[in-house]
Amino acid sequence: MDPQHEFQLRQTRRTFLRGSSLGIGSIAMGSLLSGGETVPAADSGSRPTIPFSRFAPKAKRVIYLFQSGGPSQMDLFDYKPELTKRFGEEVPTSVYPAERKTTMTSGQKSFPVAPSAFKFARHGKSGIWLSETLPHLASVIDDVCVIKSMHTEAINHDPAATLFQTGSVIAGRPSMGAWVNYGLGSENDNLPAFVAMTSNGSAKQGQPLYDRLWGAGFLPGRFQGVKFRGQGDPILDLYDPAGVSRLQRRRMLNSLERLNQDRADTFNDPAIETRIAQYELAYRMQMSVPELIDVNDEPQAILDQYGPEATQVGKYAYNCLLARRLAERGVRFIQLYHRGWDSHNNAQTQVPNQCRDTDQPTAALLRDLKQRGMLDETLVVWGGEFGRTVYCQGKLTDKVYGRDHHPNCFTYWMAGGGIRGGMSYGETDEYSVNVNEKPVHVHDLQATILAQLGIDHEQLTYRYQGRYFRLTDIHGKIINDIIS
């Protein structure tokens, strides 16, 4: 979608003449700008005006379980048994050079090897290695593709999370969900196409999650995610005020729309069109959302599957269950953010606590989708902004070890949506410090997610400030080996 083309689509003869001081000359200029082509009557630009779909879609929707803080790959997925023999030894600078350490640990005099304190075992027919902290995921591991060779450039939380969510470490770009909304639109007119939810882990603290992570950036505002709050009503002003009937609310919105439309006709401001559309969506959500968020109508067996926090608003388990309910109602992109994985001081306690919050609901979500016949068309993605160091942050003891940020290698997993299950992809070195085989960059992951939705990541672009932008910038290769 080109802003010039969007401007032309919004022009009417009356507004063009009214806003013009050049009369017939401006009409001639408009003809020149159009290149002699007739601009079709269209909606408010809800689809790109360039072809972007080159693949047959294998997924209709995405559920992205973002684990904010950086889960420790060697404590969860990346089994390195030989490190036990090297407990307390210095990590060689040839493996981990000083320039890749953060300011939180670069001043340490010692960088001792801190092997995982958790037991690992093979699971499923695929025999994928998993930590004892993930017993529920182990039960569905044959539906999962574990990618051990993720890597990124960013070493601090905010730019690293921003890169995963928007394709750039610089704030202000559209989020992945906004790109998907822009490219594919909505399947349900009564709910947003893109919903974001947040939850806190047992650590009761975590990195800030800014609204721009699910924002539209320079795309029109109607493509941004709608955040469901974690306490009280998920959507503010969801219910009509006391004494106000639905008919009165409808009349008020009709009057407001006429006023806004008059301004839109005068100024051709896309933000006004977005406001009109959002008021209408909010009105429809007043009817659809109350039923959506009431999970008490779920069978008890399903609630038990997700765990004891499945009915507690704002908990990860509740959000996972809500994600399934959103998916079956046609919401295109569902983003869950769970904080608390930033284990600088005591990974031996923090990692299992985080897994107690997330493991059962995550596995329940996969199982729930599968038993409803939805997993094949729903792409589930799990992972954080980076991994953790093999060396200990602070003093290493037999009972306590911490881990700093590590961008060189870490683990993601994907399931459903045309992804091969029961597969381990990529390898790291003996220290779980660098990728040895089949590296996967952030943009590769993003390109693959879009491809599963039928989108060519190189074609889904938006012209802004004189050039065309895309989610994957100028990079990104589809990970064809993991696609079924």
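Computed from the coordinates by the stated procedures, all read-outs in this text should not be read as laboratory data. Predicted model, so just to flag it, every value in this text is computed and none were measured. Methodologically, a virtual Cβ is constructed for each residue, glycine included, from the backbone with ideal geometry; neighbour enumeration extends over all protein chains shown.
Put simply, the amide H of Gln312, placed in the peptide plane, has neighbours under 5 Å in Tyr318, leaving out anything fewer than 5 places away on its chain. Ordering Gly172, Val140, Gly402 by the projection of their Cα atoms onto the charge dipole of the chain, which places +1 on the Cβ of Lys and Arg and -1 on the Cβ of Asp and Glu, puts Gly172 at the extreme positive end.
Within the stretch 341-441, report the GluC sites (Glu not before Pro) that DSSP leaves as loop and that have at most 16 other Cβ atoms within 10 Å. Working shown, then result.
Values: sites: Glu377, Glu385, Glu427, Glu430, Glu437; in loops: Glu385, Glu430.
Counting only loop positions with at most 16 other Cβ atoms within 10 Å, the GluC sites (Glu not before Pro) in the stretch 341-441 are Glu430.
Only one residue of Tyr316, Ser245, Thr362 has its Cα farthest out toward the positive end of the dipole of the chain, where Lys and Arg carry +1 and Asp and Glu -1 on Cβ, and that residue is Ser245. Along the axis of the charge dipole computed for the chain (Cβ charges of +1 for Lys and Arg, -1 for Asp and Glu, origin at the Cα centre), the listed residues Leu209, Tyr468, His457 are led at the positive end by Tyr468.
Within the stretch 286-370, the trypsin sites (Lys or Arg not before Pro) that combine a DSSP coil assignment with at most 14 other C-beta atoms in a 10 angstrom radius are Arg329. Mean sequence separation of contacting Cα pairs (under 8 Å, at least six apart), scaled by the length of the chain, corresponds to a relative contact order of 29 percent.
Each helix, a run of at least 4 DSSP H residues, gives -39500 (n - 2.57); summed and divided by the residues of the chain, these come to -10000 deg cm²/dmol at 222 nm.
Pairs of Cα atoms in the stretch 58-104 fall into 5 Å distance bins, from 0 up to the last occupied one, in shares of 5, 12, 12, 20, 19, 12, 7, 6, 5, 2 percent.
In the calculated pair-distance distribution of the stretch 99-249, the portion above 20 angstrom amounts to 71 percent of the Cα-Cα pairs. Its Cα centre serving as origin, the stretch 384-476 has a Cβ charge dipole (Lys and Arg +1, Asp and Glu -1) of approximately 300 debye. If you sort the three axes of the alpha carbon gyration tensor as a ≥ b ≥ c, you get a/c of 1.5 or more for the stretch 166-260 and a/b no higher than b/c, which makes it oblate. When +1 charges are put on Lys and Arg Cβ atoms and -1 charges on Asp and Glu Cβ atoms, the dipole computed for the chain relative to its Cα centre reaches about 640 debye.
Please label the shape of the stretch 278-345 as rounded, prolate or oblate, based on the square roots a ≥ b ≥ c of the eigenvalues of the alpha-carbon gyration tensor (a/c under 1.5 means rounded; beyond that, a/b larger than b/c means prolate, else oblate).
Working: a/c = 2.41, a/b = 1.36, b/c = 1.77.
Verdict is oblate for the stretch 278-345.
Classification of the stretch 228-275 by its C-alpha gyration tensor yields an oblate form. The axis ratio a/c (a ≥ b ≥ c) is 1.5 or more, and b/c is at least a/b. Taking amide H positions as modeled 1.01 Å from N, with prolines and chain starts lacking one, the residues under 5 Å from Ile419 and 5 or more places away or on another chain are Ser484. Residues Ile128, Ile272, Ile334, arranged from fewest to most other Cβ atoms within 10 angstrom of their Cβ, appear as Ile272, Ile128, Ile334.
Computed from backbone phi with θ = phi - 60° and the Karplus coefficients 6.51, -1.76 and 1.60, the 3J(HN,Hα) list for the stretch 333-343 is 9, 10, 10, 10, 10, 10, 8, x, 8, 7, 8 Hz; x is used for glycine and proline.
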